[in-house]
Amino acid sequence: MTDAEQPGPKRKGKSGSATSLPSKDAILEFIRASPAKIGKREIARAFNVKGDDRIILKRMLRELAEAGGVTKSRKRLRGKAQLRPVTVLEIAGNDDNGELFAFPIDWNETAEGPPPRVLMKLKPGRTPGSGDHVLSRIEPAPEIDGFDYVAMPIKILPRERIHQLGIFRKLKEGGVIEPTEKKQLREWRIAPNEMEGAKDGELVRFEVTKTGQALAPRARIMERLGHPEGERAISMIAIENYSLPTVFQPSVKAEIAGLKSPTLRGRDDLRKIPLITIDPADARDHDDAVWAAPDDDPGNQGGFVVIVAIADVSFYVRPGTALDSEALKRGNSVYFPDQVVPMLPEALSNDLCSLKEDVDRPCLAVRMVFNSEGHKRDHRFIRGMMRSAAKLAYPEAQAAIDGHPSATTKPLLESVLKPLWAAYAALRTARDKRGPLELDLPERKIILDEEGRVARIATPERLDAHRLIEEFMIQANVAAAETLEAMKSPLIYRIHDAPGEEKVNALSDFLATIGISLPKAGLMQPSQFNRILGKMKDSDISELVNEVILRSQAQAEYSPNNLGHFGLNLRRYAHFTSPIRRYADLIVHRALIRALKFGPGGLADEEIGGLDKVAEQISQSERRAMAAERETVDRLIAIHLSGQVGATFAGRISGVTRSGLFVKLNENGADGFIPASTIGRDYYVHSEVDHALIGERTGETYRLGDRVEVRLVEAHPAAGALRFKLVSDGRFDLKLARRKRGPAPRGKPPRRGR
């Protein structure tokens, strides 16, 4: 039995009963399981170590540190995550003693703290240089001062030529390239003869060319892309960083040139039905159209017939073609404020497949019948030919219903728009009874001027016109899933799993801190969350509760296996309504065409066996697109605010970590960070349950959702990063402080300097 495995020594407590100190193994397990760095005080509290036993505990911790089990940093302790015996290291350079050292490349510094330092033992032959990746065999090195491991190189891995974007900064001799990614901390040196005439502050494309021992990686500028604030430059950063494909291959263009328009043969003629499109005012592609009318069936008094018609992309994009391969590679369109990276070439997305006004277009439509309470009685799919009667924007359609019709909407008001709104009223009744998750989290929209700069940041109003189209699309998506299930056809579902047990428990713990109980028994239902959201709707912490409930939810994705859609509270759901911009919808169209024997363009036999891989790929593409879109908005806002460094703003705390606070500004939705080291005059402890930083001495508290006033101290437009400093004080929550610290804090929080 090793020393670490020995049980702790038994001692007499003050009551005379025997108490037992924790074993070293138990201490190590506690330290490694902790998400934050902890100290002797936290360990003593966890194991109820008191009095003279603290001296023995201190000695045990010192022995663990000497043995390499833990490391100290500012009187805090961190368990050493164990590296695999064979791992890949990145050479960092030479230390002050000339020793070559490295760090593991697969290391999550946010979760695990600073990476372990590894001493490299050199072998005869090529010596690895700074930045090289080396496959190495490693062993713990507790006896070597300043190092956690010692490594013997096995193989120096080939260095890839890295093509990426950065901001060039000119120095007296040569220059450096700053990163355009928040997580990238390094800079790349540029020799004077490799600058290609770049000017200070320009966005450049560069490649890493060479490194030498003890030298930082060097780079060479390949292309100058102009000032990063210029038109399209900001979205270009995201396109490059996420490797979004922007160029369609010649084979794709050749296929488009050979496409033929469909005829009425094998299609229902829907051209006399006044289907209309309702989209954002700046929409360039229109892939869905709607129509509704009262049902003339005497057996369905007060009911409605609704038709949702969708562009028949599957007629043009067939399995096995270059067009199909390119669409799958992209997975979905990516929407930036200044441009779109489309899934399909513009000849399709903006022309042949766009449901243009007064132009014949092939479509795949679903005719649905609802009763007076909005419950669907039946539906059937149609492969048809339609002609859009009007192209409307959301505000335009809403204004007509509100009594302010335009020249375009006035002729449509009685015959088209009012029946649509009447049908929506019935569907809304059924929707309210169904009870989907009702989160209230407004979105921001970037409005650019003619030069591609931020003119303003708006929060668009949610209109009934938006809700109408959203509900009609949901019903069409449900109908597609139901039809394909009934015909035992393979398909790709849009799934959203219920929150996991761990997240529900964390949410329950948080809600308990504000006096709300969440049932822990049985499966969660959206209605349970909605009751909480409704209860807190008019409170000061309404936004906080919305944020925390959102974070408890699983991520929606695509799968050939049905798990239902928790957020919409639907047992089956598939994406059918946007095949121009989502590959998942194209698959569902093909499945319907095959199952219903609608003619060419159906799901191919060879596609069926690979639907699981396709679902995984397009789920990843969707996450990639969301990240690229979000980061582009962050960069544009950072540019917008870069001239306001020193200004103060009102905001709310939108995130709490042990390293600091994230704040979202009220005025424009900008997100920025406040390092914990700049907060107040106290040491702040991160309470994960309370989503708060709590002053250890004063009890001053900063909690998720709190209103704060901040000063902008730094803006990095190319990385989309903002750094704030708190101007306002935290709040003193006596109940929270007592629960976290025990006795009530003495005195009031110190006032913050303004």
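For segment 688-703, enumerate the residues that are touching a strand residue (DSSP E or B) at 6+ places or on another chain (Cβ under 6 Å), under 17 Å from Ser508 (Cβ atoms) and either open to solvent by 10 Å² or more (accessible area, probe 1.4 Å) or aromatic (Phe, Trp, Tyr) (or both).
Hit for segment 688-703 is His691, nothing else.
Would you tally the residues in segment 240-288 being in a helix (DSSP H, G or I) and either open to solvent by 20 Å² or more (accessible area, probe 1.4 Å) or touching a Pro at 6+ places or on another chain (Cβ under 6 Å) (or both)? Let's see the steps before the verdict.
Within segment 240-288, the subset in a helix (DSSP H, G or I) is 240-241, 250-257.
Add one more test, that the residue is either open to solvent by 20 Å² or more (accessible area, probe 1.4 Å) or touching a Pro at 6+ places or on another chain (Cβ under 6 Å) (or both), and what stays is 240-241, 250-251, 253-257.
Of the residues in that region, 9 qualify.
Out of curiosity, is Ile138 modelled with pLDDT of 65 or more, in contact with a Leu (Cβ under 8 Å, 6 or more places away or on another chain), outside any loop (DSSP other than H, G, I, E, B) and open to solvent by 50 Å² or more (accessible area, probe 1.4 Å)?
When the stated conditions are applied, Ile138 does not pass them.
When you scan segment 483-490, do you find a residue that is over 25 Å from the mean Cα position of the chain (by Cα), open to solvent by 60 Å² or more (accessible area, probe 1.4 Å) and of a type in the set (A, V, I, L, M), even just one?
yes
Under 6 Å between Cβ atoms, at least 6 apart or on separate chains: pull out the pairs that start in segment 266-286 with a residue that is within 17 Å of Asp360 (Cβ to Cβ) and end on any residue that is surrounded by fewer than 17 Cβ atoms within 10 Å (Cβ to Cβ).
Gly266/Gly599
Please name all residue pairs, on different chains or six or more residues apart, with Cβ atoms under 8 Å, provided the first residue is in segment 443-454 and is under 13 Å from Asp634 (Cα atoms) and the second residue is small (Gly, Ala, Ser) and in a loop (DSSP other than H, G, I, E, B).
Filtered contacts from segment 443-454: Arg444/Gly669.
Could you list, in sequence order, the residues of segment 634-649 that are open to solvent by 20 Å² or more (accessible area, probe 1.4 Å) and either farther than 12 Å from Lys725 by Cα or touching a strand residue (DSSP E or B) at 6+ places or on another chain (Cβ under 6 Å) (or both)?
The answer is Asp634, Ile639, His640, Ser642, Gly643, Gln644, Val645, Ala647, Thr648.
Being under 26 Å from Lys503 (Cβ atoms), in a helix (DSSP H, G or I) and open to solvent by 10 Å² or more (accessible area, probe 1.4 Å) narrows it down to one of Glu629, Glu606, so name that one.
Glu629
I'd like to know if segment 390-409 contains one or more residues that are over 36 Å from the mean Cα position of the chain (by Cα) and of a type in the set (Lys, Arg).
no
Which of the residues that make up segment 145-167 are part of a loop (DSSP other than H, G, I, E, B) and either in contact with a strand residue (DSSP E or B) (Cβ under 6 Å, 6 or more places away or on another chain) or modelled with pLDDT of 85 or more (or both)?
Once the filter is applied, which keeps residues that are part of a loop (DSSP other than H, G, I, E, B) and either in contact with a strand residue (DSSP E or B) (Cβ under 6 Å, 6 or more places away or on another chain) or modelled with pLDDT of 85 or more (or both), segment 145-167 yields Phe147, Leu157, Arg161, Ile162.
Which one of these does Ile514 not meet: (1) surrounded by fewer than 21 Cβ atoms within 10 Å (Cβ to Cβ); (2) within 30 Å of Ile382 (Cβ to Cβ); (3) of a type outside the set (Gly, Ala, Ser)?
If we test Ile514 against (1) surrounded by fewer than 21 Cβ atoms within 10 Å (Cβ to Cβ); (2) within 30 Å of Ile382 (Cβ to Cβ); (3) of a type outside the set (Gly, Ala, Ser), just (2) comes out false.
Can you tell me how many residues within segment 25-45 are of a type in the set (Gly, Ala, Ser) and at pLDDT 75 or above?
The total comes to 1.
Of everything in segment 398-420, what is touching a helix residue (DSSP H, G or I) at 6+ places or on another chain (Cβ under 6 Å) and buried (at least 17 other Cβ atoms within 10 Å of the Cβ)? Give them in sequence order.
Gln398, Ala400, Ile401, Pro405, Thr409, Leu417
Can you tell me which residue among Ile639, Ile587 is touching a residue at least 24 places away in the same chain (Cβ under 8 Å), aliphatic (A, V, I, L, M), part of a helix (DSSP H, G or I) and farther than 28 Å from Asp324 by Cα?
The unique qualifying residue is Ile639.
Just to be sure, is Arg594 open to solvent by 70 Å² or more (accessible area, probe 1.4 Å), under 23 Å from Leu722 (Cβ atoms), part of a helix (DSSP H, G or I) and of a type in the set (Lys, Arg)? Don't jump to the end; show me each part of the working.
Working: open to solvent by 70 Å² or more (accessible area, probe 1.4 Å): yes; under 23 Å from Leu722 (Cβ atoms): no; part of a helix (DSSP H, G or I): yes; of a type in the set (Lys, Arg): yes.
Against the criterion (open to solvent by 70 Å² or more (accessible area, probe 1.4 Å), under 23 Å from Leu722 (Cβ atoms), part of a helix (DSSP H, G or I) and of a type in the set (Lys, Arg)), Arg594 does not qualify.
If you take just the strands (runs of 3 or more DSSP E) that sit entirely in segment 50-115, which of them hold at least 1 residues that are exposed (fewer than 13 other Cβ atoms within 10 Å of the Cβ) and at pLDDT 65 or above?
Hits in segment 50-115: 86-94.
Go through segment 563-575 residue by residue and tally those that are in a loop (DSSP other than H, G, I, E, B) and either within 23 Å of the chain's Cα centre (by Cα) or hydroxyl-bearing (Ser, Thr, Tyr) (or both). If you could, list the steps in order and put the result at the bottom.
Here is the first cut: in segment 563-575, the residues in a loop (DSSP other than H, G, I, E, B) are 563-564, 566-569, 571-575.
Next, only the ones that are either within 23 Å of the chain's Cα centre (by Cα) or hydroxyl-bearing (Ser, Thr, Tyr) (or both) stay: 563-564, 566-569, 573-575.
Residues in segment 563-575 being in a loop (DSSP other than H, G, I, E, B) and either within 23 Å of the chain's Cα centre (by Cα) or hydroxyl-bearing (Ser, Thr, Tyr) (or both): 9 in total.
Working only within segment 352-379, note down all residues that are farther than 19 Å from Leu264 by Cα and free of Cβ contacts under 8 Å to residues at least 40 places away in the same chain. Quick ask: steps written out before the conclusion?
Looking only at segment 352-379, we keep the residues that are farther than 19 Å from Leu264 by Cα, and these are 368-379.
Result: Asp378, single match.
For segment 341-380, which positions are of a type in the set (A, V, I, L, M, F, W, C), under 17 Å from Asp288 (Cβ atoms) and open to solvent by 10 Å² or more (accessible area, probe 1.4 Å)?
Scanning segment 341-380 gives Leu352, Val359.
Given (1) at pLDDT 80 or above; (2) in a loop (DSSP other than H, G, I, E, B); (3) in contact with a helix residue (DSSP H, G or I) (Cβ under 8 Å, 6 or more places away or on another chain); (4) buried (at least 17 other Cβ atoms within 10 Å of the Cβ), where does Pro228 come up short, assuming only one miss?
(1)
Please tell me if Asp432 is without any contact (Cβ under 8 Å) to a residue 60 or more places away in the chain, closer than 30 Å to Thr263 by Cα and among the acidic types (Asp, Glu).
Judged against the criteria, Asp432 is not a match.
Those residues that are open to solvent by less than 30 Å² (accessible area, probe 1.4 Å) and either in a helix (DSSP H, G or I) or among the hydroxyl-bearing types (Ser, Thr, Tyr) (or both), I need them from segment 422-445; list them, please.
Passing the criteria: Ala423, Tyr424, Ala426, Leu427, Ala430.
Given the criterion among the charged types (D, E, K, R) and surrounded by fewer than 13 Cβ atoms within 10 Å (Cβ to Cβ), identify the matching residue among Asp464, Asp509, Asp497, Asp449.
Asp449
Within segment 365-375, can one find any residue that is in a strand (DSSP E or B), under 34 Å from the mean Cα position of the chain (by Cα) and modelled with pLDDT of 95 or more?
Yes - at least one qualifying residue is present in segment 365-375.
Name every residue in segment 707-728 that is open to solvent by 10 Å² or more (accessible area, probe 1.4 Å), within 27 Å of Ile549 (Cβ to Cβ) and in contact with a helix residue (DSSP H, G or I) (Cβ under 8 Å, 6 or more places away or on another chain), in order of residue number.
Selection gives Leu722 alone.
Please go through segment 306-340 and give me each residue that is open to solvent by 10 Å² or more (accessible area, probe 1.4 Å), in contact with a Pro (Cβ under 8 Å, 6 or more places away or on another chain) and among the hydrophobic types (A, V, I, L, M, F, W, C), ordered by number.
Within segment 306-340, just Phe315 meets the criteria.
Quick check: is even one residue across segment 527-539 without any contact (Cβ under 8 Å) to a residue 40 or more places away in the chain, exposed (fewer than 15 other Cβ atoms within 10 Å of the Cβ) and assigned to a loop (DSSP other than H, G, I, E, B)?
yes
The values are calculated or read from the model by the stated rules, or taken from the named source; none is laboratory data. Bear in mind that the values here come from a model prediction, so they are computed numbers and not experimental data. Heads up, the Cβs are rebuilt from the backbone with ideal geometry, glycines too, and the neighbour counts pull from every protein chain shown. Surface accessibility is based on the protein's heavy atoms, side chains included, excluding ligands, DNA and RNA. Shrake-Rupley method; radii C 1.70, N 1.55, O 1.52, S 1.80 Å.
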